[in-house]
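Structure first, commentary second.
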Amino acid sequence: MNDTITIKGFVATDITSGTTPGGVATAEFRIASNSRRRDKDGQWVDGHTNWFTVQGYRHLAGNMGCSIRKGHPVIVVGTLRIRSWERDGRVYYSHTIDADAVGHDLTLGTANFTRSSKKPLLSLVEPEPPLDASRQAGQEGPFDEPADSDDDSAEGGDPAAAYVEDANGDLLALDLETGELADSPV
């Protein structure tokens, strides 16, 4: 039985990422979801806090890592998995959401959306050709330091920057620190 659930809450931990043994990208974080209500005196009071682990896979995992930060208000839609185990005579439970969608809760702020390229970032980088047996590493090979020059590239861009392809096939510079497009008009 698949139990689809929608949770509204705050990101309580940093995003952790990794890969499965099969090479699938993963990311996860903990979300705290609580209700607020007015008491008899008209004052807002917090209700019980529910804690969930949110897991994302493939492209969603990469987008979560670039977009979501600890403290952000988010809405998560996914499949609820409740697991139990016993240790020392006591039963423990974990509540995990396999996320189908994760987004910012816009009732508490604004966000900018940038569509991801259909190609993963690493597919835009051309791999180095393999070393010939006649060439030694370090002798005009891929391990040499590039010569310093005043002209880093023909277009004046940063050669160490990452680029993504937009829907029109144009390459756009990507800020590796924030995950945002460097020259985005938005």
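The values are calculated or read from the model by the stated rules, or taken from the named source; none is laboratory data. In this text the structure is predicted, and so the values were computed from the model without any measurement. Neighbour counts are summed over all protein chains in view; Cβ atoms, including those assigned to glycine, are modelled from backbone coordinates with ideal geometry. In case anyone asks, the SASA skips ligands and DNA or RNA and just uses the protein heavy atoms, side chains included. Shrake-Rupley method; radii C 1.70, N 1.55, O 1.52, S 1.80 Å.
The table below lists the values:
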read-out: Some residue of region 15-24 being in contact (Cβ under 8 Å) with a residue 40 or more places away in the chain and under 20 Å from the mean Cα position of the chain (by Cα); value: yes
read-out: Qualifying residue in region 73-81 (condition: open to solvent by less than 100 Å² (accessible area, probe 1.4 Å) and free of Cβ contacts under 8 Å to residues at least 60 places away in the same chain); value: yes
read-out: Tally, over region 20-63, of residues that are in contact with a Lys or Arg (Cβ under 8 Å, 6 or more places away or on another chain) and of a type in the set (S, T, N, Q); value: 2
read-out: The lone exception for LEU60 - which of (1) touching a residue at least 40 places away in the same chain (Cβ under 8 Å); (2) more than 17 Å from the chain's Cα centre (by Cα); (3) open to solvent by less than 70 Å² (accessible area, probe 1.4 Å) it fails; value: (2)
read-out: Failed item in (1) under 21 Å from THR4 (Cα atoms); (2) open to solvent by 50 Å² or more (accessible area, probe 1.4 Å), with CYS66 passing the rest; value: (1)
read-out: Close pairs from region 91-114: first closer than 12 Å to GLY9 by Cα and open to solvent by 100 Å² or more (accessible area, probe 1.4 Å), partner of a type outside the set (Ser, Thr, Tyr) and outside any loop (DSSP other than H, G, I, E, B), Cβ under 8 Å, at least 6 apart; value: THR107/PRO73; LEU108/PRO73
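Okay, residues lined up against (1) closer than 25 Å to VAL24 by Cα; (2) not charged (D, E, K, R):
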position: CYS66; (1), (2): yes, yes
position: LYS70; (1), (2): yes, no
position: PRO73; (1), (2): no, yes
position: VAL77; (1), (2): yes, yes
position: ILE82; (1), (2): yes, yes
position: ARG90; (1), (2): no, no
position: TYR93; (1), (2): no, yes
